[in-house]
Amino acid sequence: MYGWIWRHLPGNAWVKALLSLLLALALVYVLFQYVFPWAEPLLPFNDVTVDNQ
Amino acid sequence: MLGLFVVYSLWWTNVIADRAAGRQADKVRHQWAQEGGDDTPAAFDARNGIGFLHVPAMDDGDVLVEKGTSSKVLNDGVAGYYTDPVEATLPMTGKEGNFSLAAHRDGHGAKFHNIDKLSKGDPIVFETKDKWYVYKVYAVLPETSKFNVDVLARIPQESGKKKAGHYITLTTCTPVYTSRYRYVVWGELVRVDPVDGDRTPPRELGG
């Protein structure tokens, strides 16, 4: 997968490296901002209350 | 991916939560300051928080207390008082009952992370606009089922109490990084001090 991305990025090695970095940052942003907040309540790591459910 | 999720839950949620809690705490402090030191009763705005919890043994400063224990409330890095399944009795009412609170153990501010550092005799101080409510820990339940709602009872029998009194209950999850069980700490009111003009903390907080 990474090889495929690398081959399809334009420019020389430096531009490719920069673009890869940007892609990685964008991915982290999407994960932190949207994916993880959505996934977290579905995972049993953060229930702190006692209840009847 | 998994590593990122760990970074997210243990670090990033704390950043976000502390920011939110700081903002809300500032709002409450500001409002108290504006209302001044006269005898008008504290404005009861549960949405902004009702006061601050100080637990020297947990060493995490003042924890804002807000209404409710949903993750929406607790994820802002605050402690919430129970409205369900057993409603907390707020200390300001002066009524006998149980002031039951919950907060995160890890992530989202992790306000009760060091709950295991609390032992019998340690002070828990709740600060409102005009009063310091000084509690002392008298019982600890290091592990219980998450269905054990009796710990929130008006008279928490499991802590060894038989008579009504002014109790405080802290709940969070245990062991750390999981939510398999609940950790419970009970305290009892020893004293109520008025807040003076300089908001000098009671001696339990080094004041």
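The values are calculated or read from the model by the stated rules, or taken from the named source; none is laboratory data. Being a predicted model, the structure only gives us computed values, none of them experimental. Positions of Cβ are backbone-derived with ideal geometry, glycine not excepted, and every protein chain shown enters the neighbour counts.
Couple of notes before you dig in:
- Of the numbered criteria (1) under 23 Å from B:Leu10 (Cβ atoms); (2) surrounded by fewer than 11 Cβ atoms within 10 Å (Cβ to Cβ), the one A:Phe36 fails is (2).
- For region B:109-130, the condition holds for no residue, the condition being that it is of a type in the set (D, E, K, R), under 18 Å from B:Pro156 (Cα atoms) and within 13 Å of chain A (Cβ to nearest Cβ).
- Residue, nearest to A:Leu42 (Cα to Cα), within region B:154-178, restricted to residues that are out of contact with any Gly (no Cβ under 6 Å at 6 or more places or on another chain), more than 11 Å from every other protein chain (Cβ to nearest Cβ) and hydrophobic (A, V, I, L, M, F, W, C): B:Ile155
- Residues located in region B:128-158, provided they are within 24 Å of B:Thr178 (Cβ to Cβ) and of a type in the set (Lys, Arg): B:Lys146
- Members of region B:11-34 that are within 13 Å of chain A (Cβ to nearest Cβ), surrounded by fewer than 15 Cβ atoms within 10 Å (Cβ to Cβ) and either at pLDDT 90 or above or farther than 17 Å from B:Asp76 by Cβ (or both): B:Val15
- Flag if B:Glu158 is under 18 Å from the mean Cα position of the chain (by Cα) and of a type outside the set (A, V, I, L, M, F, W, C): no
- Which numbered condition B:Leu101 fails, given (1) in a helix (DSSP H, G or I); (2) of a type outside the set (Gly, Ala, Ser); (3) at pLDDT 95 or above: (1)
- B:Phe147 fulfils the conditions (1) exposed (fewer than 14 other Cβ atoms within 10 Å of the Cβ); (2) in contact with a helix residue (DSSP H, G or I) (Cβ under 9 Å, 6 or more places away or on another chain); (3) within 14 Å of another protein chain (Cβ to nearest Cβ) except for a single criterion, (2).
- Residue within region B:65-74 that is within 10 Å of the chain's Cα centre (by Cα), surrounded by 24 or more Cβ atoms within 10 Å (Cβ to Cβ), modelled with pLDDT of 90 or more and within 13 Å of another protein chain (Cβ to nearest Cβ) present: no
- The set of residues in region A:5-22 that are modelled with pLDDT of 90 or more and loosely packed, with under 12 Cβ neighbours inside 10 Å comprises A:Trp14, A:Val15, A:Leu21, A:Leu22.
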